Each structure stands twice: as structure tokens, then as C-alpha cells.
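A short write-up of the structure that comes next.
Here, each number is a calculation from the coordinates, and none is a lab measurement. Every value quoted in this text rests on a predicted model; they were computed, and no experiment measured them. Quick reminder, even Gly has a Cβ in these numbers, built from the backbone with ideal geometry, and neighbours come from all protein chains shown.
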Amino acid sequence: MPSSLKSKPNRPVRHRDAVTLLKADHQQVKQWFAQFRKTTDASRQSALAREICHALRLHTTIEEEIFYPAFVAATQDKAIHHEAEVEHHAAKELIAEIEKLTPADDYFKAKVNVLGEMIKHHVKEEEQPGGMFAEARKAKMDLAALGARLAERKSQLQSGQKAA
């Protein structure tokens, strides 16, 4: 994989709260989707699609294992949580399909682009005023501690470790 695509592991850093960490993931994937849309080089498209899918698998896992349960416990807002879970499920289905394709497949580019639109919608809902992240801040969740847990779990997943 080209070094320009390698993601930098998120190490536990004191100043990265959970929302900041998750937003950084959103921003990175947004950039890769933009690069994917601009390139016509098949090997670059393939590398970007793999990187996007890998990053989204990590991101959805840490959200579902750590952030979402903490969010529901702090806010009791099951409506926001349920919608986010359903959006994750749909994205993971499309990711699984993309991972079986190559740029030579008829639907490869369309599926990656649709995934990008799905993620754009999901990110907007999480980051908008009144969205999950704003509600997490309003509920005064311990976002620093959650950020450390998210970063630690992400690091474990990147190195292939099981949850403790």
C-alpha cells in the first residue's frame, strides 16, 4: 500500500476527547472519499477503497463497543442511538460488498461513491447541533476518559488484538 494512504494510528493522547477523536476519523475518511472521486487510476482507487473500508470498520467497531453504549447510558436517547446503529449496519453491508470487488467490476465505483454519501449523511447527523456529539457534550459525559478508551481499542484492533 502506498505510504501516502497508511493511516496514522491514534495513540492515546490526553487532549483528544472522544468527540475530537471520532471527528478526526470522519475528516480522514472524508478526504479519502474526495481523493477517490477525483482519481481515475484503478490501482489508486483500489488502495483508497481498501483504506476507507478498513478505517470505517475500525471506527464503527469502537463507536459500537464503547461510545454508543456510554452515550445511551448518559442520555437515555435511544432514538439517536438506534438510527446510528442502523446506519452502521447498512454501511457495513456495503463495505463487505466493496471488499469483494476490484475497480474492474462494473459496480465498484458506484458502491464506493454510495458508501461515501451514506457516511456523509451519518457524519452530518452525529456532528450537527442536536446530534449525538452535541448531546454527549451536553450530558457531560467523561469524554476524555472515553477518548482514551476509544484510542486504546482502536490501537488494539489495528494490531489484531482481541478486546480485554
As I understand it, the value is the acute angle between the Cα axis of helix 18-38 and the longest principal axis of the Cα atoms of the chain; what does it come to in degrees, rounded to 10? 20
Unit-weight point scatterers at every alpha-carbon of the stretch 73-164, Debye formula, q = 0.12, 0.14, 0.17, 0.20 1/Å: log10 I(q)/I(0) is -0.54, -0.72, -0.96, -1.12
Roughly speaking, what is the stretch gain from Ala104 to Glu152, that is 0.36 nm per residue apart minus the C-alpha to C-alpha distance, in nm to one decimal? 13.6 nm
Going by alpha carbons, how many degrees (0 to 90, nearest 10) lie between the helix axis of 78-99 and the longest principal axis of the chain? 20
Give Lys23/Lys109; Lys100/Lys124; Lys92/Lys138; Lys23/Lys140; Lys78/Lys140 a once-over and call out the pairs whose C-alpha atoms are over 23 Å from each other. Lys23/Lys109; Lys100/Lys124; Lys92/Lys138
Pop a pseudo-label 7 angstrom from the Cα along the beta-carbon direction at both Glu117 and Thr39 and give the gap in nm to one decimal. 2.3
Give the angle, between 0 and 90 degrees and rounded to the nearest 10, that separates the Cα long axis of helix 108-127 from the longest principal axis of the Cα atoms of the chain. 20
When averaged across all projection directions, what area in nm² does the alpha-carbon convex hull of the chain cover? 9.6
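Go ahead and estimate [θ] at 222 nm for the chain from helices alone: -39,500 (n - 2.57) per DSSP H run with n ≥ 4, summed, over the residue count, rounded to 500. Before the final figure, lay out each step's value.
Values: 7 runs with 115 residues, N = 164.
The helix-only estimate for the chain comes to -23500 deg cm²/dmol at 222 nm.
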How much length, in nm to one decimal, is gained on full extension between Ala139 and Gln31, taken as 0.36 nm per residue of separation minus their Cα-Cα distance? 35.9 nm
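Using Cα-Cα distances under 8 Å and only pairs 6 or more residues apart, what relative contact order does the stretch 38-156 have, in percent? Please list the in-between numbers first.
Details: 68 pairs, mean separation 42.5, N = 119.
After rounding, I find 36 percent.
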